[in-house]
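Q: Below is the structure I would like to discuss, written out as structure tokens.
The values are calculated or read from the model by the stated rules, or taken from the named source; none is laboratory data. Fair warning: this is a prediction, and the values are worked out from it, not measured in the lab. Quick reminder, even Gly has a Cβ in these numbers, built from the backbone with ideal geometry, and neighbours come from all protein chains shown. All accessible areas refer to the heavy atoms of the entire protein, side chains included, with ligands and DNA or RNA removed. Shrake-Rupley method; radii C 1.70, N 1.55, O 1.52, S 1.80 Å.
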Amino acid sequence: YAKLVTAAKRGHLHQLSLLVHPDFEGQVETGLIQTALKTIRPYCARSGVQIKVNAEKKTQIEILTALGFLKQRTLIVMELEL
């Protein structure tokens, strides 16, 4: 599943989301991302696209990097069960 939310204003970032079943990780992400980018590119070529990815999703990060996405920052969320 890929979801692309277009930016409301010029100069703001479009938001891309991916949801992939674990059985299909590494198999469908490239096609989903390329289709989303191909759909938006003719209309909003000057705005960037942002995606937030779990740091544990190494395969998705590798695919996004191969498609030209750059890491901006890394967020690790930790919890303790009491």
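Q: Please calculate how many Å² of accessible area the chain carries per residue, with a 1.4 Å probe and no DNA, RNA or ligand atoms counted.
A: Computed with neighbouring chains in place, this is 85 Å² per residue.
Q: On to the next question. Counting other Cβ atoms within 10 Å, keep those with at most 16, restrict to DSSP loop, and tell me which chymotrypsin sites (Phe, Trp or Tyr not before Pro) in the chain are left.
A: Sparse-neighbourhood loop chymotrypsin sites (Phe, Trp or Tyr not before Pro): 1, 43.
Q: Here is a further query. Compute the angle between helix 29-40 and the longest alpha-carbon principal axis of the chain, please, reported from 0 to 90 degrees and rounded to the nearest 10.
A: Taking the Cα atoms of the chain, the angle to 29-40 is about 30 degrees.
Q: Oh, and also: Under 15 Å from the Cβ of residue 23, count the other residues' Cβ atoms, weight Lys and Arg +1, Asp and Glu -1, and hand me the total.
A: Neighbour charge sum, excluding residue 23 itself: -1.
Q: Shifting gears a bit: What length, rounded to one decimal in nm, is gained on full extension from residue 12 through to residue 74, with 0.36 nm per residue of separation minus their alpha-carbon distance?
A: 20.3 nm
Q: Let me ask another. Counting only protein heavy atoms and using a 1.4 Å probe, what share of the accessible area of segment 1-69 belongs to carbon plus sulfur, as a whole percent?
A: 52
Q: Please go through segment 7-75 and write out the GluC sites (Glu not before Pro) that DSSP classes as loop and that have at most 11 other C-beta atoms within 10 Å.
A: The qualifying sites are 56.
Q: Can you tell me which aspartates and glutamates have their Cα less than 13 Å from the Cα of residue 57? Leave out same-chain residues fewer than eight positions away.
A: Straight-distance partners of residue 57: 25, 29.
Q: Given a Förster distance of 25 angstrom, what is the FRET efficiency for residue 56 paired with residue 24, based on the Cβ-Cβ distance and rounded to 0.05?
A: FRET efficiency, residue 56 to residue 24: 0.90.
Q: If Lys and Arg each add +1 and Asp and Glu each add -1, what is the summed charge of the other residues whose beta carbon sits under 14 Å from the beta carbon of residue 36?
A: Combined, the nearby Lys, Arg, Asp and Glu give +2.
Q: Moving on. Can you spot the lysines whose alpha carbon is less than 22 Å from residue 58's alpha carbon? Ignore those fewer than 8 places along the same chain.
A: Output for residue 58: 3, 71.
Q: Within segment 37-82, list the trypsin sites (Lys or Arg not before Pro) lying in a DSSP loop whose Cβ has at most 13 other Cβ atoms in a 10 Å radius.
A: Sparse-neighbourhood loop trypsin sites (Lys or Arg not before Pro): 46, 52, 71, 73.
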